[in-house]
Structure formats: structure tokens, C-alpha cells
Amino acid sequence: MCDVNLTDPDIWKFITDHMHSTYKEWKAKLHRHYKQYASDLDLARETPTPEKIFGTRRTLEEWHYLVDTLCTNEQYQKGENPTYISNWNNMHILKGKSMWINEAAEIKGKMNEEYEKAKQQVAESSGTPLDQVTLPIPQQLDIMIVELGVAKGKRI
């Protein structure tokens, strides 16, 4: 057994850097696998990633959900980045049923209303059409912080 001081900033930096690079590698493997089958949705659904990429804790239903969601998401297909708020909402809504995963998510899901209000204000003050307005990331995060809160030592 080894004794590691997790309060040491150098140790903590090493661990977080390693976890970050491992996560990026995993995402890249999933992306490469997805791109092989992106042109044929049925073939993509029938060809889940190998366990060494997707992990052993995932189910075939989760793979189908990922394929169905990514292949039908216009923002993803165009290479556009969703807003932080729409991404949070998408992660907390049951697909196919268009309902929140639980009551807490539904209450917190009101962030979209705040996002739209802020967009409206920017559109009115700048004279830009509403459909061309995207809030800067810091402003999106401010809305999320107000709605979700931030636990001590955690970030959004």
C-alpha cells in the first residue's frame, strides 16, 4: 500500500492531468468508432463499440441512445456547439418521452427560460435578430450557477 498525500498540489495536478488525458483519449476512441458508421444509422445501431472502448458497465440500450441522439441531433451533425444550458437540459430529459428524469431536474430546468430572457435583452440592446444571438460562455455559466448552485470546491 502506498501513502499518497492528496492535498499536495503537485500530486493533485498529476492526477487531474492524467484523468483529463485519459478522458480525452476515451472520447476520441468513441468518436472514431462513431465516424465509421455515421453514414448508416441502422448499421451504427447494430455495431456497438467494443468493451475496451465503451466500458463494461454500459448497456446496448445506452449505445442505441447515443447513436440515435447523435445521428439525429442537427447541432451535432453541423458541428455546432450546443449551449451549456441546452446540453445540461439534454442530459436531464428522458429521450422519446420528452420529460425530465426527476422533479429536481424539472425545477432546475428553468435555466432555459433565463437563457432566453438574457438572449432577448441582448437582441433588443444590440439590434441583432434573436435567432443570431448566443450568450457568451461566462454569462451561460452565471445562469447555471444561480439555478444549480455550486458546492464548495466544485465547479460547473
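Values as computed for the structure displayed
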| item | result |
| --- | --- |
| Test: residue in region 112-132 that is small (Gly, Ala, Ser) and within 21 Å of residue 69 (Cβ to Cβ) | no |
| Any hit, region 99-119, residues being more than 15 Å from the chain's Cα centre (by Cα), hydroxyl-bearing (Ser, Thr, Tyr) and surrounded by 12 or more Cβ atoms within 10 Å (Cβ to Cβ) | yes |
| In region 81-93, the residues that are aliphatic (A, V, I, L, M) and modelled with pLDDT of 80 or more | 85, 93 |
| Condition broken by residue 32, with the remaining ones in (1) on the phi > 0 side of the Ramachandran plot; (2) at pLDDT 75 or above satisfied | (1) |
| Candidate set from region 46-61 (those that are among the charged types (D, E, K, R) and at pLDDT 75 or above); member that is farthest from residue 35 (Cα to Cα) | 61 |
| Of all residues making up region 104-118, the number that are modelled with pLDDT under 85 and of a type in the set (Asp, Glu) | 1 |
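The values are calculated or read from the model by the stated rules, or taken from the named source; none is laboratory data. Keep in mind that this is a model prediction, so the values were computed, not measured. Ideal geometry is used to build each Cβ from the backbone, glycine not excepted, and the neighbour counts take in all protein chains shown.
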